[in-house]
Amino acid sequence: MMNSAFDQLDTRVQKWVYKQGWDTLRDIQEMSIAPILAGKTDLVISASTAAGKTEAAFLPACSAIANNKDGFGILYISPLKALINDQYRRLEGLCDDLDMTVTPWHGDSLQSRKKKAKQDPEGILLITPESLESMLMRESGWLVSAFENLKYIIIDEYHAFIGSERGCQLQAVMHRLECLLERQTSPIPRIALSATLGDMDGVLDYLRPSKSIPCELIVGKQSQSSLKMQVRGYEEKEPDTSEVSDEEISDIKTAEQQIALDLYDVLRGDSHLVFANSRQRTENFAVMLSDLCEKNHVPNEFFPHHGSLSKELRTDLESRLQKETLPTTAVCTMTLELGIDIGKVKSVAQVTAPHSVASLRQRIGRSGRRDTPAILRMYITEKELNANSCVGDKLRLELLQSLAMIRLLLMEKWYEPSDTHLYHFSTLLHQILAVIAQWGGVRPDQLWALLCKEGFFGAVTVEHFKQLVSQMGGLNLIIQIGSGELVLGELGEQLVGHYSFYAVFKTPEEYRVVVEGKTLGTLPIDSVILPDSYIVFGGRRWIVLDVDVEKKVILVSPAKGGKPPKFGGGGMSVNDRIRKEMFDIYSSGDYKISSNGAKLDFLDSAGKGLFHEGLSFYKQKDLKNNHLIQQGSSVHVIPWMGDRIVNTLYAMLAQSGFDVDCSAGVIEVEKAQLSTVQKALKSFTSMSRTTNADLAKHVRNKIIEKYDHLLPEELLNLSYGERAFDVRSTVKWLYEMGL
DNA sequence: GACCTGCTGCGGTTTG
């Protein structure tokens, strides 16, 4: 371990490292020491889970503040309360040895601990962006003294912030803090810890848009651990009700039931994760697998885990996984994708195509124990074909997308870049209110300089800003007083005064699901649940006793039967690169992965059958050369491009009066002739002066972010248009297609 | 055809 970087650490930190029994530091830990101790640059540390990012940041940062006396030396910001609690436990030992205080500070942390830290701020503060926002708004005077010796800001799970509303708020809050502490000329170094990211340059720009100090990048070596993988195909049969009796029908298994049987056989007896993509499917698989345990008279080891389940149910399952004493399979959504400490599991199963390549990678990373390979099993269902099958089914698009994502991950090492060019006017409105609340009154030019000029609402022009401020005046959110300063209006006071103000993202209204006084979790208010109906929730079956609309409570009692409720949710977006890869696979007729000159096959025989069905339809229609085909009375447009371009084509066709439908990247134009649609598409090439906002004018529901309903129509069209459409790329594509 | 995250101050009850 003797090397110069390690020698620069505080001796007590060195001793702590020896005490852990580590013979060497990991590569990222070693590389981080010099730049962090120098403290002249920002830093992005990018590596996969369990590569030691936390220590890479904290070993040198703690060394640098080891002799600080007054005030917090390190401000650590995390997107999750659970992660703050995990990190507190991880840092306790090291900080004990340094005689340094660590204070976890979020909505659920102890009042006593917060009080102590307020009287004697010292060492490390672990906090959420929302709690930091509340400190800025309510205690900015105290902040100035508590942070007077602040040396570092460490941001954990940085990829979770990039491009989102919370990311916007985080940047604004960090910048406001730097201004409050008058540190513009000696900026506080920001250290961002992140999973492997798609677009590194974008990430470096995003961390400090003003670029007042440079940003360095440290990337961990890709882990060499091997991966065992199989994709399995299933066909959903249409039951032929004419020739079989009712009894026989009940014997026919749906594809999901068959998948549950296969999962039961292969997973029972060890610990695994099953990612099922939606809360409804998660509940369904958890209960099917539990039923199989009951039927076979063995103890249940399959449990659901998702964001609508109560904290208690979730932590029980997390700690059961962590203990590693009982075989445990969690059927889960992205709640177990990253962050929380559950140790490693033997294998990961993915039911239906993953939402993104980035998330597929995170999921695989959860599997594989010491010296054993990671194992991924993917279960894909396609519908049995008949005379009425749609083009998407005939092309076997879900299977094809899964194959494309696996190839992009393993062969190209490609992940989706985050979208950092959105407007986020909703968050800007929030920040205007927050800054006014912090200072009491602010001049419009000061607001503009603080929030927009420095760059994190960079796409916002002075004109946009004026429009927004005047709209806010009209709505009585703010008032301009004689001195020209803006202060809170009546509605503004109301919003800012309620505790729900601090979070900048939108949350739907929910019912609580309660059994005998114990809360199992929540359901969205628009899911229709009636008394006496049967539901599946938390992996068990219930009958609904009562629905209290006033108190928003659903009372349940154990029962047999029932189905998982719908949880609702928005749409998803597939990137151009994935659709192009899908096109390439069918064009070459080969989905296999090349490795050292060999072709690796990873598809089971049923999956191969489905693949060849899709491929033969592709060839029959010559889709390599035709992006438009006539099927009966409908014309199908198949661009093999991402959802932004598909949405744009869809909107253009709809506004030209066509009857259109869209699914999985295929647009169906009903009751139309090929030549008519072709002519229409050709005419769109002259639409390059149409803006994304123009297309958004015709969209009915554009309310996506928390304060969208308070925005002027023009700004709402702008932000929705940029999110959903891409006219320029669409016109370019139309030209390239020779249209 | 989707998923996830967070916030206050105070009043009540339980525990040491």
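Just to check your reading of the model, which residue among A:G233, A:G163, A:G202, A:G198 is surrounded by fewer than 21 Cβ atoms within 10 Å (Cβ to Cβ) and away from DNA strand B (no atom under 16 Å from the Cβ)?
One residue alone meets the criteria, A:G202.
Of the residues that make up segment A:505-520, is at least one over 17 Å from A:H709 (Cβ atoms), in contact with a Ser or Thr (Cβ under 6 Å, 6 or more places away or on another chain) and more than 16 Å from DNA strand B (Cβ to nearest atom)?
No, that holds for no residue.
List the number of the failed condition for A:Y586; all other conditions in (1) within 16 Å of DNA strand B (Cβ to nearest atom); (2) within 30 Å of A:S663 (Cα to Cα) hold.
(1)
Output the helices (runs of 4 or more DSSP H) that fall wholly within segment A:1-104 and possess 3 or more residues being within 25 Å of the chain's Cα centre (by Cα), or say none.
Details: elements: A:4-7, A:11-19, A:27-38, A:53-65, A:81-97.
Hits in segment A:1-104: A:53-65, A:81-97.
Looking at segment A:62-75, can you tell me whether even one residue there is surrounded by 19 or more Cβ atoms within 10 Å (Cβ to Cβ), in contact (Cβ under 8 Å) with a residue 12 or more places away in the chain and within 16 Å of DNA strand B (Cβ to nearest atom)?
Within segment A:62-75, one or more residues are surrounded by 19 or more Cβ atoms within 10 Å (Cβ to Cβ), in contact (Cβ under 8 Å) with a residue 12 or more places away in the chain and within 16 Å of DNA strand B (Cβ to nearest atom).
If you scan segment A:300-319, which residues turn out to be modelled with pLDDT of 95 or more and more than 11 Å from DNA strand B (Cβ to nearest atom)?
A:N300, A:E301, A:F302, A:F303, listed by residue number.
Yes or no: A:D604 touching a residue at least 24 places away in the same chain (Cβ under 8 Å) and either among the charged types (D, E, K, R) or loosely packed, with under 14 Cβ neighbours inside 10 Å (or both)? Show your work before the answer.
Values: touching a residue at least 24 places away in the same chain (Cβ under 8 Å): yes; either among the charged types (D, E, K, R) or loosely packed, with under 14 Cβ neighbours inside 10 Å (or both): yes.
Against the criterion (touching a residue at least 24 places away in the same chain (Cβ under 8 Å) and either among the charged types (D, E, K, R) or loosely packed, with under 14 Cβ neighbours inside 10 Å (or both)), A:D604 qualifies.
Of the residues A:Q119, A:Q87, which is within 16 Å of DNA strand B (Cβ to nearest atom) and either free of Cβ contacts under 8 Å to residues at least 24 places away in the same chain or aromatic (F, W, Y) (or both)?
On the way: A:Q87 fails: either free of Cβ contacts under 8 Å to residues at least 24 places away in the same chain or aromatic (F, W, Y) (or both).
A:Q119 is the lone residue from the list that is within 16 Å of DNA strand B (Cβ to nearest atom) and either free of Cβ contacts under 8 Å to residues at least 24 places away in the same chain or aromatic (F, W, Y) (or both).
Does A:E516 fit the bill of being acidic (D, E) and over 30 Å from A:L475 (Cβ atoms)?
Details: acidic (D, E): yes; over 30 Å from A:L475 (Cβ atoms): yes.
So A:E516 passes the test.
Restricting to segment A:306-334, name every residue that is under 19 Å from the mean Cα position of the chain (by Cα) and among the hydroxyl-bearing types (S, T, Y).
A:S308, A:T333, listed by residue number.
Spot the failing condition for A:S426; the list is (1) buried (at least 21 other Cβ atoms within 10 Å of the Cβ); (2) of a type outside the set (A, V, I, L, M, F, W, C); (3) out of contact with any Asp or Glu (no Cβ under 9 Å at 6 or more places or on another chain), and only one is missed.
Just one mismatch for A:S426, condition (3).
List the number of the failed condition for A:E133; all other conditions in (1) free of Cβ contacts under 8 Å to residues at least 60 places away in the same chain; (2) buried (at least 23 other Cβ atoms within 10 Å of the Cβ); (3) of a type outside the set (A, V, I, L, M, F, W, C) hold.
It is condition (1) that A:E133 fails.
Restricting the first residue to segment A:518-534 and requiring it to be in contact (Cβ under 8 Å) with a residue 24 or more places away in the chain, which pairs with a second residue that is of a type in the set (S, T, N, Q) meet a Cβ separation below 7 Å and a spacing of at least six or different chains?
A:T519/A:S310; A:L520/A:S310; A:G521/A:S308; A:G521/A:S310; A:T522/A:S308; A:L523/A:S308
State the number of residues belonging to segment A:338-379 that are farther than 26 Å from A:R90 by Cα, within 12 Å of DNA strand B (Cβ to nearest atom) and part of a loop (DSSP other than H, G, I, E, B).
Matching residues across segment A:338-379 total 5.
Could you look through segment A:492-504, keep only residues that are within 13 Å of DNA strand B (Cβ to nearest atom) and among the small types (G, A, S), and pick out the one that is surrounded by the most Cβ atoms within 10 Å (Cβ to Cβ)? Before the answer, list the steps.
Step one: list which residues in segment A:492-504 are within 13 Å of DNA strand B (Cβ to nearest atom), which gives A:495-504.
Then keep just the ones that are among the small types (G, A, S); that gives A:497, A:500, A:503.
Values: A:G497: 10, A:S500: 8, A:A503: 18.
Among them, the one singled out is A:A503.
Would you check if there is a residue in segment A:150-160 being within 9 Å of DNA strand B (Cβ to nearest atom) and either touching a residue at least 12 places away in the same chain (Cβ under 8 Å) or aliphatic (A, V, I, L, M) (or both)? Before the answer, list the steps.
Taking segment A:150-160 and keeping what is within 9 Å of DNA strand B (Cβ to nearest atom), we get A:160.
The next check asks that each one be either touching a residue at least 12 places away in the same chain (Cβ under 8 Å) or aliphatic (A, V, I, L, M) (or both); those that pass are A:160.
Within segment A:150-160, one or more residues are within 9 Å of DNA strand B (Cβ to nearest atom) and either touching a residue at least 12 places away in the same chain (Cβ under 8 Å) or aliphatic (A, V, I, L, M) (or both).
Among residues belonging to segment A:554-583 that are among the β-branched types (V, I, T) and within 14 Å of DNA strand B (Cβ to nearest atom), point out the one that is modelled with the lowest pLDDT. Steps first, answer last, please.
Applying the first criterion (among the β-branched types (V, I, T)) to segment A:554-583 yields A:554, A:556, A:574, A:578.
When the remaining residues are screened for being within 14 Å of DNA strand B (Cβ to nearest atom), the result is A:574, A:578.
Numbers: A:V574: 92, A:I578: 96.
Looking at residues that are among the β-branched types (V, I, T) and within 14 Å of DNA strand B (Cβ to nearest atom), I get A:V574.
Any residue at all in segment A:108-127 that's under 29 Å from A:G307 (Cα atoms), among the polar types (S, T, N, Q) and at pLDDT 95 or above?
no
Applying the selection to segment A:9-43, what residues are at positive phi and at pLDDT 95 or above?
Looking only at segment A:9-43, we keep the residues that are at positive phi, and these are A:21, A:39.
Answer for segment A:9-43, where residues must be at positive phi and at pLDDT 95 or above: just A:G39.
Tell me, please, whether a residue that is within 29 Å of the chain's Cα centre (by Cα), over 24 Å from A:K624 (Cα atoms) and not in a loop (DSSP other than H, G, I, E, B) can be found in segment A:636-657.
Of segment A:636-657, the ones within 29 Å of the chain's Cα centre (by Cα) are A:638-651.
Checking the rest, the ones that are also over 24 Å from A:K624 (Cα atoms) come to A:651.
Filter again for not in a loop (DSSP other than H, G, I, E, B), leaving A:651.
Yes; the residues of segment A:636-657 include at least one that is within 29 Å of the chain's Cα centre (by Cα), over 24 Å from A:K624 (Cα atoms) and not in a loop (DSSP other than H, G, I, E, B).
The values are calculated or read from the model by the stated rules, or taken from the named source; none is laboratory data. Keep in mind that this is a model prediction, so the values were computed, not measured. Neighbour counts run over all protein chains shown; Cβ positions are idealised from the backbone, glycine included.
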